[in-house]
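Since the structure comes first, as structure tokens, the remarks are kept for the end.
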Amino acid sequence: MNDATDPVQALVDQMSSSGKMLRVLEAGAGSRSHIRLGANARLVGIDISREQLDQNGDLHEKIVGDIETFPLEPGSFDIIFCWDVLEHLRHPEKALRNFLQATRQDGMIVLGAPVVTSLKGMVTKYTPLWFHVMVFRYIVGNKNAGKRGEGPFPTFLRYSMSPRSIERFARENQLAVEYVDVYEAMMQVRWKQKFTAVRLAFQILGMLSNIFTLGKIDPNVTDFTIVLRKLATKPLNRTASQEIACHA
């Protein structure tokens, strides 16, 4: 992540400042490691991989399950974090609906993922897993890439997880969009700074993508962060309640 985490951290700090015990879900074993939580937070982790859960020593509770289908208790979490997980789901919209029903009123859903319509997203979406493993091993430098319990994992990058689709989901489900940012991942920034050939390649790709996609794909944009707030349902005032009762 880049400095886009700062506004997210501010929103989390604001919620933590209430002093009440917060129940927080980490959807994906390593998803919120860069967000600080106060002492008044109970952290629950869910992942389909026991190995991934075992690597997270911050969790108070661990659930082995699929975030698309696992029956999370309704209204049971103040904050749900989901970083770099939606792209690995066949049906990310199912996970979003699961998060929605599991979030308490005035709670937050914090999402971070690649932009599917970015150059990075398109390359990742349409190349095989073995290619991703080779990139992680020989370019990123992770020698354990592809081994049991280690990424990269199968990637689908459905269009239903795009920022635009998520904002539409928010509108349809009375969620407020508290924060949204689209940016260039620091790993890509560092590659361009370190390797002249990579920097020149991105300049050429930028010109070509601008021509052939009419500016719809920017190679310098890779990821997004979005924070959704579940709006508290306004109770009926006494007069309105009485009127409904009278007409029942």
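Cross-link pairs exceeding 27 Å between alpha carbons, from the set LYS62/LYS120; LYS62/LYS94; LYS120/LYS143: LYS62/LYS120.
The angle between the Cα long axis of helix 163-172 and the main principal axis of the chain comes to about 10°, on a 0 to 90 degree scale.
Subtracting the Cα-Cα distance of PHE156 and ALA201 from 0.36 nm times their residue separation leaves 13.6 nm of extension gain. In this rough spin-label picture, where each label sits 7 Å from Cα along the Cβ direction, the LYS20-MET186 distance is 3.3 nm.
Dimensions of segment 176-223 based on its C-alpha atoms, expressed as ranges along the principal axes with the largest first, amount to 42, 27, 7 Å.
Cα convex hull of the chain: how many Å³ per residue? Write out the running numbers ahead of the final one.
On the way: hull volume 38.9 nm³, N = 248.
Here the figure is 157 Å³ per residue.
For segment 97-112, there are no residues whose amide N sits under 11 Å from a probe point set 7 Å from the Cα of THR69 along the beta carbon direction.
Coordinate-derived values only; no laboratory data. Remember, predicted model here, so these are calculated numbers, not experimental data. Quick reminder, even Gly has a Cβ in these numbers, built from the backbone with ideal geometry, and neighbours come from all protein chains shown.
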